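Derivation of every value follows stated rules applied to the coordinates shown; laboratory data play no part. Since the structure is predicted, the reported quantities are computational estimates derived from the model, not experimental observations. As a convention, Cβ positions derive from the backbone with ideal geometry for all residues, glycine included, and neighbour counts pool all protein chains shown.
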Amino acid sequence: MSLAFLQPASDWRRQKLSHRAIALGLAIAIELLFLLALLQLVPSASKKLLPPTTTTFQMLPAEIAQKVTKVEKSGGAPPAKTPTPRSAPVVVPKVPRPILTMSKDEFAATDISKLPKNGGNEGNGSGKGTGSAMGPGEGPGGEPMYNAEWYVEPPRGALALYLPNGAPPNSWGMVACKTIPNYGVENCQQLGESPVGSGISRALRLAAWQFKVRPPRIGGRPLMGVWVRIRFDFTKSEKDTDNSDGPN
């Protein structure tokens, strides 16, 4: 009888102990979870413990603020350029031109503006030009060039200022000039001379401001700005007696 009565009491104790063990395990698990939660909350709590900061702003005057804005828009001042050293200009010494002494009569003979329009007798030159063109490509730059005809023949001594030593016998010089109003010429260029190096064509080019030639005509209309050929042929060697045939 006693054994039958004691058997249920032992089973009840075992069940009670198992319930306590389960409850203890649950309590430990809850505490561990709570501890983990506290550890995660520690950084945020430390941040909250920091003292609050205060941000202050300083307002600039209107003039300074505008200057700062302009500097920001322009990107600042451009970098300073290094000055490039300039080389000193080369000074070319001027060579004085030789002074030609002429008498009063010789100097007056060089002025052809005082001669009659139909020609004078002082010079022995004769105009042989017909005004016909020499053909395309004969003038400078491939332009057509015409034979010139004197409107006023140049007198003796017209080249004396530019050819002081005179011209050798049987020599010649030739220039090309453009016609302008009032029977004048301009932009003269040297075409040739004989003997070479005599300076005759250069003298003609320099004295061309005195020349009066008839411009070529087409249909009765004078042509301005066209090239004409002017040639001087010297047949005597005496100084300042240029018995010449020209222009051609």
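Residues whose amide H lies under 5 Å from that of Ser171, counting only those 5 or more places away or on a different chain, are Phe234; hydrogens are built 1.01 Å from N in the peptide plane.
Compute, for region 125-234, the length of the dipole vector about the Cα centre, with Cβ point charges of +1 (Lys, Arg) and -1 (Asp, Glu) only. Units Debye, rounded to 20.
Details: 11 positive and 7 negative charges, 43 e Å.
The calculated dipole for region 125-234 is roughly 200 debye.
Taking amide H positions as modeled 1.01 Å from N, with prolines and chain starts lacking one, the residues under 5 Å from Glu143 and 5 or more places away or on another chain are Gly137.
Here the simple spin-label model places points 7 Å from the Cα toward Cβ, and for Arg86 and Trp209 these points are separated by 3.3 nm. A compact globular protein would have a Cα radius of gyration near 2.2 N^0.38 Å; the ratio found for region 125-234 is 1.02. The phi-based Karplus calculation (6.51 cos²θ - 1.76 cosθ + 1.60; θ = phi - 60°) puts the 3J(HN,Hα) values of region 226-231 at 9, 7, 10, 9, 10, 10 Hz, whole numbers, x for Gly and Pro. Each Cα pair under 8 Å and six or more residues apart adds its sequence gap; the mean of these over the residue count of region 125-234 is a relative contact order of 33 percent.
For region 139-150, putting each phi into the Karplus relation 6.51 cos²θ - 1.76 cosθ + 1.60 with θ = phi - 60° gives couplings of x, x, x, x, 7, x, 10, 10, 6, 8, 9, 5 Hz, in residue order, rounded to whole numbers and with x for Gly and Pro.
Around the amide H of Glu153, modelled in the peptide plane, lie the amide H atoms of Gly119, Gly120, all under 5 Å away and 5 or more residues distant in sequence or on another chain.
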